[in-house]
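Participant: After the structure tokens below, expect a handful of questions from me.
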Amino acid sequence: MRYLVDPRRRTAVVAIALAAVGLIVFGIYATLSGPPPKQEAVVYFTPEATAAQKEAVRAACPSVGRAIQEPKDRNNLAVSRAYPLRYDVAKASTADRAAVYRCVHDQPGVMGMSQETQGQ
């Protein structure tokens, strides 16, 4: 403790303390004032799933409450072909999410779903 209160080191101790407080304040500000994180539920299909099965799942399981089915990607990226069905569940209730998960899991060609959070 004597090391910290030594007058010769006071400037360094104060500078380090102010830097730590500034870093904490900035972290809180960035978390609270930034955009809300994007939460998606991504449907994973079996490797054998056909394009028709994927479209059937899209048609059979539309948006439920605030679990919104995202529009089909218009690009031809490999990730868009592998995961063609996603839901925005950032504002969805637990019941909305459960209804979407239940519907999707009952469809042929579906391996499962995963929820991902981006932006934090």
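Participant: Assess whether residue 41 counts as being surrounded by 10 or more Cβ atoms within 10 Å (Cβ to Cβ), small (Gly, Ala, Ser) and at pLDDT 90 or above.
Facilitator: Working: surrounded by 10 or more Cβ atoms within 10 Å (Cβ to Cβ): yes; small (Gly, Ala, Ser): yes; at pLDDT 90 or above: yes.
The answer is yes for residue 41.
Participant: From the list 120, 115, exactly one residue is assigned to a loop (DSSP other than H, G, I, E, B) and modelled with pLDDT under 90. Which is it?
Facilitator: 120
Participant: While we're looking at this one, here's another question. Under 9 Å between Cβ atoms, which residue pairs at least 6 apart in sequence (or on different chains) link something in region 19-44 that is among the polar types (S, T, N, Q) with a partner that is surrounded by fewer than 10 Cβ atoms within 10 Å (Cβ to Cβ)?
Facilitator: Qualifying pairs under 9 Å: 39/118.
Participant: Please go through region 1-59 and pick out each residue that is farther than 27 Å from residue 96 by Cβ, in a helix (DSSP H, G or I), β-branched (Val, Ile, Thr) and under 28 Å from the mean Cα position of the chain (by Cα).
Facilitator: Scanning region 1-59 gives 24, 25, 28.
Participant: From the residues in region 65-92 that are surrounded by 14 or more Cβ atoms within 10 Å (Cβ to Cβ) and hydroxyl-bearing (Ser, Thr, Tyr), which one is modelled with the highest pLDDT?
Facilitator: This residue is 87.
Participant: Moving on to the next point. Could you check residue 62 against (1) outside any helix (DSSP H, G or I); (2) loosely packed, with under 10 Cβ neighbours inside 10 Å; (3) without any contact (Cβ under 8 Å) to a residue 12 or more places away in the chain and say which number it fails?
Facilitator: The failed condition is (2).
The values are calculated or read from the model by the stated rules, or taken from the named source; none is laboratory data. What you see is a predicted model, and the numbers here were worked out from it, not measured in a lab. Backbone-built Cβ (ideal geometry, glycine too); neighbour counts: all protein chains shown.
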